[in-house]
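Worksheet: the structure to be examined is printed underneath.
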Amino acid sequence: MTTDKPLSARDQILHRIRVANGGTSNAATAQSGWSSLARGYKRSATQTRQGVLILLEDRLRDYDAHVIRSTPADVRRCVAETLAARGKHRLVMPAGFPAAWLPPSLTFVMDECMTPAELDQVDGVITGSTVAIAETGTVVLQNVLGQGRRAATLVPDYHLCLVSAYDVVETVPEAIARIQATATLSTTFVSGPSATADIEMTRIKGVHGPRFLDVILIV
Amino acid sequence: MSAGPLDPKTAPAFPMAAKAAMGDSQLRSNVRHATDVIQAKRARVVDEMPDWQALREAGKQIREHTMRHLDFYLEQFEANCTRAGGVVHWARDAAEARRIVVSLVKASGSDEVIKIKSMTTEEIQLNAALEAAGIQPYETDLAELIIQLGQDQPSHIVVPALHKNRQQIREIFQRTMHLPNLGDQPQDLADAARLFLREKFLRVKTGVSGANFLIAETGGVCVVESEGNGRMCLTLPETLITIAGIDKVLPRYQDLEVTLQLLPRSATGERMNPYNSIWTGVDPADGPRVFHIVLMDNARTEILADEEARQTLNCIRCGACQNACPVYRQTGGHAYGSVYAGPIGAILTPQLQEMHHAQSLPYASSLCGACYEVCPVKINIPEVLIHLRNKVVLQNTSGIAGLFDVEAAAMKAMAAIFRSERRFRAAQRLGRIAETPLVRKDEHGLGWISWLPGMLGGWSQTRDLREMPKETFRDWWEKRSGHDN
């Protein structure tokens, strides 16, 4: 009888990698190698603040999102008008969403572990956002107060997303730097409403995620 | 269309399959249209980026660095994912990966799963294994749904149903969803898919996904998609099972700033695809309560061990090389006999088979280099193709079998002829005599050969050869030198 235990899949795969690479890697060599990688691409803004905001609006519209500008004092009126134009009356909202932004004439249901079937019954969802990327027309949502869990921004057919101008960056690297500290939170990058180009490469708006995305940019 | 799964072990050689595909004019026109559209979209959004070449270089360096330190980054990913509540499994090959996934689905208590499009699950033919175990998989990506309902096979790594046009898709949906009055506008078809799948999203308790990136630094996983079906599968089920090749690791979260710029622009010609999901282990307040991830080798370490071919592993599965390839654009994907078609398939598939199958694929290329030019991580596909051709020849000519290989014998004879001037001249004389019965004169009195015997016939099948000149350059030069002296 032999006492040699057969190698686990894990050990065998790691062993094969080490043989292929001619040795074992470690934190120090990985760290020094990573630090010296070439990063000659654009990593900071090149446009004026105003230019960045205009770029965001343009890129969001290009991907079928509807964009409205507002001021901090005018957010509630803007929300009311936008929802009235869409004919939406009953929306789900995450915990921590600013009450001052909610028009009293409409119904906002707090998302307290609503089931997918319950989420499927509301007219839409209203959230804030962590950061927005102008160059790609993207809003980034994380599971924090005012943005909530992922299912709530997914199952309803309409998403109204509020973006503060302070949270708008020009490039993808700037956005990643901003969310690096909260990297382990559930995170969703949203660039326009749900879409597909699976049929003859024709972009069609709306498959499974919200088919309509409105963004209020608070400047 | 193609009967049975795309299995490189049993697929016909590329030239045979390609010839059949070339006869299907509907297929060719569908593939041509789709690849034209996608290439134009890509070119537009790549041209917007003045730093595109710097991004490509960064992408290449990040991927090369990852492979050099793959053992460290996989262990780091495992530790961080486990700490965040995920369960990490390792699979040496496809069979082990299938076994693990099937047993995890069974343990989840479900006899059905909702699936995100995943080429890795296609690679290991997971659906067949699930069905054999009494588990019903539902593909939820629109293209994968078309493939599944049409009992078809994927022909492109990003747009798997690219070979089908809207009328063909309507016919599949009419038949399988029982919608006799369904229209053929893309919007009608997408709406039908939305209704068909929504009930499954809300009901099925177990999800299966692939992964675009595993982040070693955080233990997080990133999935990139368009429709929201991915988010449904990642968010609503109680159990999520993700399967990823060991090559999918990125060192750090920051590296997403490169890959999330390269991938969408290269894959679908979008500045950013509609949805990217990033999650880390289990969050009790958001998403599945149980998360498993299977890290699969399946010959990737073999590729890693080949210094000249290991750049194959840098691939981030964007499909740009397929759209740009003049061969793929003619044949479509099925001719490659593998779920990985086109230029990347021509190098990846035979290596995943450890060069035992799919030996014709390294030759399914004119080496024009269009694939290299569009590759977002600068994989030099033509270089790897040539390296693999060399491997195929070495493998087939080593040992006893090599003695009986006609092509190898011919190549040896050629080498002997080229080594000696005397033998070279003799061969030229012999050639002029041998060609005589094959030469036909055209109206200008030029001699052409349009048919060659035996193995040489491949050459004359699509082109005519000029007859050999009556006087070689060498003869002419010697005569001329003689006069000068």
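Would you confirm whether any residue within region B:290-300 is within 26 Å of residue B:94 (Cβ to Cβ) and of a type in the set (D, E, K, R)? Taking every residue of region B:290-300 in turn, at least one turns out to be within 26 Å of residue B:94 (Cβ to Cβ) and of a type in the set (D, E, K, R). Scanning region B:388-401 for any residue that is within 30 Å of residue B:54 (Cα to Cα), under 35 Å from the mean Cα position of the chain (by Cα) and modelled with pLDDT of 85 or more turns up at least one such residue. Selection of strands (runs of 3 or more DSSP E) fully inside region A:112-219 by the criterion of at least 1 residues being of a type outside the set (A, V, I, L, M, F, W, C) returns A:124-127, A:138-142, A:158-164, A:187-190, A:212-218. Residue B:167 - would you say it is within 11 Å of chain A (Cβ to nearest Cβ), of a type in the set (S, T, N, Q) and out of contact with any strand residue (DSSP E or B) (no Cβ under 6 Å at 6 or more places or on another chain)? Against the criterion (within 11 Å of chain A (Cβ to nearest Cβ), of a type in the set (S, T, N, Q) and out of contact with any strand residue (DSSP E or B) (no Cβ under 6 Å at 6 or more places or on another chain)), residue B:167 qualifies.
Considering the conditions (1) surrounded by fewer than 23 Cβ atoms within 10 Å (Cβ to Cβ); (2) more than 7 Å from chain B (Cβ to nearest Cβ), residue A:149 is excluded by exactly one of them, (2). Filtering B:207, B:183 for residues that are touching a residue at least 60 places away in the same chain (Cβ under 8 Å) and either of a type in the set (D, E, K, R) or more than 10 Å from chain A (Cβ to nearest Cβ) (or both) leaves a single hit, B:207. If you go through region B:259-290 and keep only what is part of a strand (DSSP E or B) and either more than 7 Å from chain A (Cβ to nearest Cβ) or under 18 Å from residue B:232 (Cβ atoms) (or both), you end up with B:275, B:276, B:277, B:278, B:279, B:283, B:286, B:290. When A:11, A:58, A:64 are checked against the criterion of being within 13 Å of chain B (Cβ to nearest Cβ) and farther than 26 Å from residue B:256 by Cα, A:11 stands alone in meeting it. Of all the residues that make up region B:447-481, how many are closer than 25 Å to residue B:406 by Cα and over 40 Å from the mean Cα position of the chain (by Cα)? Qualifying residue count, region B:447-481: 2. Would you call residue B:338 buried (at least 23 other Cβ atoms within 10 Å of the Cβ) and closer than 30 Å to residue A:39 by Cα? The answer is no for residue B:338.
Each residue in region A:110-132 was checked for being under 20 Å from the mean Cα position of the chain (by Cα) and among the polar types (S, T, N, Q), and 3 pass. All of (1) assigned to a helix (DSSP H, G or I); (2) away from every other protein chain (no Cβ under 11 Å); (3) of a type outside the set (A, V, I, L, M, F, W, C); (4) closer than 27 Å to residue B:98 by Cβ hold for residue B:247 with one exception: (2).
With the condition kept exactly as written, say whether any residue in region A:24-31 is more than 9 Å from chain B (Cβ to nearest Cβ), at pLDDT 95 or above and outside any helix (DSSP H, G or I). No, every residue in region A:24-31 fails to be more than 9 Å from chain B (Cβ to nearest Cβ), at pLDDT 95 or above and outside any helix (DSSP H, G or I).
The values are calculated or read from the model by the stated rules, or taken from the named source; none is laboratory data. Remember, it's a predicted structure, so these values are computed and weren't measured experimentally. A quick note on method: Cβ atoms are made from the backbone with ideal geometry, for glycine too, and the neighbour counts reach across all protein chains shown.
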